[in-house]
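Structure first, then comments.
The values are calculated or read from the model by the stated rules, or taken from the named source; none is laboratory data. Just so it is clear, the model here is predicted, and its values are computed rather than measured. We place every Cβ from the backbone using ideal geometry, glycine too, and count neighbours over all the protein chains shown. Surface areas here come from the heavy atoms of the whole protein model, side chains and all, with no ligands, DNA or RNA. Shrake-Rupley method; radii C 1.70, N 1.55, O 1.52, S 1.80 Å.
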Amino acid sequence: SELVDVLAEHICEDLTCGGVYHVTKSSSPSGTSGFHGCQYQNQHLQNCSETVGTNCSVLSEVVCGEQPVRLSGGWDRCSRRVEVWRDGTWGTVCDDLWDLRDAEVVCAQLSCGYTLSVTGQNGQFPPGSGPVYLDELNCTGSEDNLWACPSTPDQSDCGHKEDAGVVCSEMRAIRLTGGLDRCSGTVEVHRNGSWGTFCDNCWNVKMASMVCSMLECGVEPLNFTAFNPPLAADRGAASYYYHCTSYNLSLWECEEMINHAFLCDLSKPSGLICNGELAKIPAATFYKSLSGFNESLSFFVLLQVPSAFSDNCNTIALALLLLVVLVINTVLCCLYRKRHGESRSVSHFSIHYHPVIRNGCPSHLNWLLSMWRSSSSTPSLSVTTQSS
């Protein structure tokens, strides 16, 4: 096994690919022949000895690392704590002087786009372990790796609570916006530094359950289709279509298509209400309007109102309307009689259940009362006017 490790080091040195990052070993089958004691030069194995029928370690794969970097301790490969590799061990980076230019080197090296934000002490990613390799980095953003940046290596006074992290533009994330809480709203996907909508073509209960689980909002959706009014999105936002199979456990394992001409052209944004924080609220529907697809979102909620409360409101409203009608009728009757030279009189009003209109008051009152009596929620009433 030790000879295999030495051979792996020779391979990485000869290829000028840095140190050994990972070695895959296996045991040789019984009764087979193999080479041992080899040296690797000029991309060839040399000075090997052959043995037959002995148990030995087989070198299956060598991965060399030229100042490798990785992101660890997060939900996405492009949004985590920064770690660098040296001498067979991963170590962290201190957040002293850690800024967007330093993080830009990491995002570029990992093919994660550009930097959206950086994190440090009390950040969103958990602390790491092992050595703290780099401190007080001062990158320009164009370096090939963090080791090429000016820094104070191996002289850090940082603890792991100050580990540096980064969020790159190729971070994949999902959220629900415009709803009553974080577990309800329009489904949005983050890619390429911006948020886009989820096409509702082929959007089904399995995908909805995936999203609820990914957001830790339960596993069963309360509603994922037929929202009224329909959800709307800004035309300039990207549209994402996902094709999932029964073997996919996460949305990120599904096939992804962006702005597909046929699959998303006539579709609407997908919406979702998970059974997480929203389970306490009665049946509701929501609508979200997007303005320029920025972070200022507006929404309104339509709740089912108990019927008793609705009946009371109708009764109060009709009573107020009737009062207004009676006041207006009194004024018009007085003006009508005064104009035709009638003596002054006081009008007395009484409410009966039999529709009678007397004493020649204007006909518009009859029309208002007939409209009011046509309401199915309130018994019909009539107004009788008498002169004293």
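Residue by residue, here is whether (1) within 30 Å of Gly193 (Cβ to Cβ); (2) among the hydrophobic types (A, V, I, L, M, F, W, C) holds:
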position: Val6; (1), (2): no, yes
position: Glu13; (1), (2): no, no
position: Tyr21; (1), (2): yes, no
position: Gly34; (1), (2): no, no
position: Ser60; (1), (2): no, no
position: Val63; (1), (2): no, yes
Checking Leu59 against (1) closer than 30 Å to Leu146 by Cα; (2) modelled with pLDDT of 75 or more, which single condition isn't satisfied?
(1)
Extreme residue, nearest to Asp76 (Cα to Cα), among residues of region 215-241 that are touching a residue at least 12 places away in the same chain (Cβ under 8 Å) and charged (D, E, K, R)
Glu216
Does any residue of region 201-212 turn out to be more than 29 Å from Gly123 (Cβ to Cβ), open to solvent by less than 50 Å² (accessible area, probe 1.4 Å), part of a loop (DSSP other than H, G, I, E, B) and touching a residue at least 12 places away in the same chain (Cβ under 8 Å)?
yes
Would you mind stating whether Ser26 is among the small types (Gly, Ala, Ser), surrounded by 10 or more Cβ atoms within 10 Å (Cβ to Cβ) and free of Cβ contacts under 8 Å to residues at least 24 places away in the same chain?
no
Among the residues of region 42-71 satisfying the criterion of being surrounded by 13 or more Cβ atoms within 10 Å (Cβ to Cβ) and of a type in the set (S, T, N, Q), which is nearest to Met171 (Cα to Cα)?
Gln67
Only one of Glu170, Glu216 is of a type in the set (Asp, Glu), assigned to a loop (DSSP other than H, G, I, E, B) and open to solvent by less than 60 Å² (accessible area, probe 1.4 Å); which?
Glu170
Among the residues in region 81-88, are any in contact (Cβ under 8 Å) with a residue 60 or more places away in the chain, open to solvent by less than 40 Å² (accessible area, probe 1.4 Å) and more than 19 Å from Glu143 (Cα to Cα)?
yes
Residues of region 219-231 classified as closer than 23 Å to Ile258 by Cβ and either open to solvent by less than 40 Å² (accessible area, probe 1.4 Å) or more than 16 Å from the chain's Cα centre (by Cα) (or both), total:
3
Criterion (surrounded by 14 or more Cβ atoms within 10 Å (Cβ to Cβ), touching a helix residue (DSSP H, G or I) at 6+ places or on another chain (Cβ under 6 Å) and not small (Gly, Ala, Ser)) met by exactly one of Asp95, Asp135, Asp102
Asp95
Could you list, in sequence order, all residues of region 237-270 that are open to solvent by less than 50 Å² (accessible area, probe 1.4 Å), assigned to a loop (DSSP other than H, G, I, E, B) and either at pLDDT 85 or above or out of contact with any strand residue (DSSP E or B) (no Cβ under 7 Å at 6 or more places or on another chain) (or both)?
Ala238, Cys244, Asn248, Ser250, Cys254, Ser270
